[in-house]
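Single-structure report; data block below.
Values quoted throughout were computed directly from the atomic coordinates according to the rules given, and no laboratory measurement underlies them. Note that the coordinates shown come from a computational prediction; the quantities given were computed from them, not determined experimentally. FYI the Cβ positions are ideal-geometry reconstructions off the backbone, even for glycines, and counts take in every protein chain you see.
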Amino acid sequence: MLLVILAVFVLLLTLWDVFITVFSTQGAGPLSYRWGKWIWAGLLHVHRRRPIHRVLSLAGPFVLLSSILLWYCLIGLALLLIFSVQPDSVVHGSSNAPASLETRYYFINTTLSGLGYGDWVPSAFPWTLLATMGTLTGTVVLTVSLSYVLSVVSAAIDRKKLAQSVFGMGASVTQVIDNARLSDPRDSLKNHFLTTAGEIDHQRLKHLAYPILAYFHATSVDFSPARAVLLLADTCFVLQVAAPDRRAPVGVLQVANSSIHNFAQLHASGATVEQDPDCPEPLLAAAAKQGAAINSEEFKQALGNYLPCRARLLALCRADGWQVG
């Protein structure tokens, strides 16, 4: 009886994890979430002592594949426990000799794969029904897993696309401002700016649906969405406090800042955020270059409102394996 209870618990927990991970838009299941989190935390621990960007770039695909294998192993374990309740649940097709533990393991693997029973078969009802249900479960999990893989890989590609949309305008705040020319109503990248803001919101929703995306590390900073959003956030701040004739349209900044603040919320609310009370020198220099009165109360108030959001973006960069000097 204890084996049955344990088997049912393992099977239901695994199927629940599959359902939440694949079909829910609110994140991964409890098993998949913790599995990926532990692997990524261990790799980041090593990375902060000695950079291993290439190893980190393999973490996402590894977590994706290993999560699917974990589902199969747990389903196989549940079936093995169930078929171990009765010694003659699995027998030889010709001699009716009961199967050993090793043979049951072989039987479970062939059942899940749907390749047929071979020499070893379920003895009678209800074992025949349970074997059929096991094959059905394995087939369903395989099908939804393939769909999940395609969705995650597509979303991972969109991560790089978002980063390129930002870094395509420049690698620094000054370069982005000079190239975007948002203060010029006739010749600017305003539409591209707004499109990028929409991509940020889209990527945030994908991260909520597929938390595993956080483990798809880019070996180049130009493909890091966290660094890209940080650059865009700094740019919007400078354009907000710049001299009146150099400021971007209020509507454009409002849309961009809304998307940026939403993206910053991806950082876990319970996690520690290291907030620097001082403004980084490069950001001050960029603001001063755009005519900002950096000693005015207006600037200090705007900076105070921006720094908490920037701290969250910095935390996202660190969680993505990138340090910001």
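Assorted remarks:
- Entries in LYS37/LYS206; LYS160/LYS289; LYS37/LYS160; LYS161/LYS289; LYS160/LYS300; LYS206/LYS300 that, when Cα-Cα distance is taken, lie over 24 Å: LYS160/LYS289; LYS161/LYS289; LYS160/LYS300; LYS206/LYS300
- Convex hull (Cα only) mean projected area of segment 2-145, reported in nm² to one decimal: 10.4 nm²
- In degrees, nearest ten, helix 225-241 long axis to first principal axis of the chain (Cα): 20 degrees
- Those trypsin sites (Lys or Arg not before Pro) in segment 127-194 that DSSP places in a loop and that have at most 12 other beta carbons within 10 Å: ARG186
- Segment 170-198 and segment 1-72: distance between their alpha carbon centers, rounded to Å: 39 Å
- Magnitude of the charge dipole, the chain, Cβ model with Lys/Arg +1 and Asp/Glu -1, debye to 20: 340 debye
- Normalised by the number of residues in the chain, the average gap of Cα pairs under 8 Å and 6 or more apart makes the relative contact order 19 percent.
- Relative contact order (%) - criterion: Cα under 8 Å, at least six apart; region: segment 201-325: 35 percent
- Shown in residue order for segment 207-213 are the 3J(HN,Hα) couplings computed by the Karplus curve 6.51 cos²θ - 1.76 cosθ + 1.60 at θ = phi - 60°: 5, 5, 6, 10, x, 4, 4 Hz (x for Gly and Pro).
- Here the chain is described by how far its Cα atoms reach on the three principal axes: 91, 38, 30 Å, from widest to narrowest.
- Against the chain, whose longest principal axis comes from its Cα atoms, helix 127-167 is set at around 10 degrees.
- Here, segment 154-319 yields an orientationally averaged convex hull projection of 9.3 nm² when only Cα atoms define the hull.
- Helix 2-23 and the long axis of the chain differ in direction by around 30°, with both axes built from C-alpha atoms.
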